[in-house]
1. Return a whole-number percent for the relative contact order of the chain, with Cα pairs under 8 Å and 6 or more residues apart as the contact set.
2. Amide H to amide H, which residues 5 or more places from Arg177 or on other chains are under 5 Å from it, using H placed in the peptide plane?
3. At 0.36 nm per residue, minus the direct Cα-Cα distance, what do Met35 and Phe150 gain on full extension? Give it in nm, one decimal, please.
4. Report the FRET efficiency, 1/(1 + (r/R0)^6), for Trp120 and Ser48, where r is their Cβ-Cβ distance and R0 is 22 Å, rounded to 0.05.
5. Under the classification rounded if a/c is under 1.5, otherwise prolate if a/b is larger than b/c and oblate if not, where does the stretch 104-173 fall, given a ≥ b ≥ c as square roots of the Cα gyration tensor eigenvalues?
6. Please work out how many pairs of lysine residues in the chain are eight or more positions apart (or on different chains) and have Cα atoms closer than 19 angstrom.
7. Give the shape of the chain as rounded, prolate or oblate, defined through the alpha-carbon gyration tensor: a ≥ b ≥ c are the square roots of its eigenvalues, a/c under 1.5 means rounded, and otherwise the shape is prolate if a/b is larger than b/c and oblate if not.
8. Helix by helix through the chain, keep the DSSP H runs that span 27 Å or more along the axis on Cα and average at least -1.0 on Kyte-Doolittle, and give those back in order.
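Derivation of every value follows stated rules applied to the coordinates shown; laboratory data play no part. In this text, all values refer to a predicted model and were calculated from it rather than measured experimentally. Don't worry about glycine lacking a Cβ; one is built from the backbone with ideal geometry, like all the others, and counts go over all protein chains shown.
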Amino acid sequence: MTTLHPDTRPIKLPSLPLVPISFDPGLTAIGMTFMQVLQKRQTMRDFSDRELSLETLSRLLWAAFGINRPDGAHRTAPSAKNAQEIDIYVALAQGLYVFDPHAFALHPILKDDIRAATGWQDFVPHAPVNLIYVANMEKMDPASRQEKKFYAALDTGYISQNVYLFCAAEGLATVARGWVDRPALAKFMELGPEQRVILAQSVGFPSD
């Protein structure tokens, strides 16, 4: 289950139901072969201010770490011992949300635009979507602390690469970012004591 935010104060932002994904062989974006998608995979740091549609954001999040089998227990990216310890927080202009793959919705966390707080690079506040990968260390018990850190980083890498491949197929720009003030961001997001910011990733349309 997705980690719910520990703050119990009322949030005025509503949850955003995402656009359902059709499990159809024609889902492959723009008919690309996998090799073509790999050829187009790249890091891009120049973003336009054009917002992603809810449909595109829905497909992006499903590709990143959505549920891809009828049993509801498995996802589009692997995780060590199937712990599924990574939650994807989504920083948008209208607020901060957390992706719930089971309800296939974005649940509101903060009504503030915190995009600038998700990294130090100058393009970060202008990217329409900033994903923040947060590990819930409790889900990996009884692993050692060192193992938890390793698995969390490994599993985040799988998810981030899914985002890269989706963006390559859809003609979007993306960059994974490690230059983040993690303690400050965790405090800003009011994360729990067992939650850790692992990585951030900006997504948007490339600048013209």
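1. 30 percent
2. Ala200, Gln201, Ser202
3. 38.5 nm
4. Efficiency for this residue pair is about 0.55.
5. Because a/c hits 1.5 or more and a/b exceeds b/c, the stretch 104-173 counts as prolate.
6. For the chain, qualifying lysine pairs total 7.
7. Rounded shape, in that the Cα axes give a/c under 1.5.
8. Span-like helices here: 145-170.
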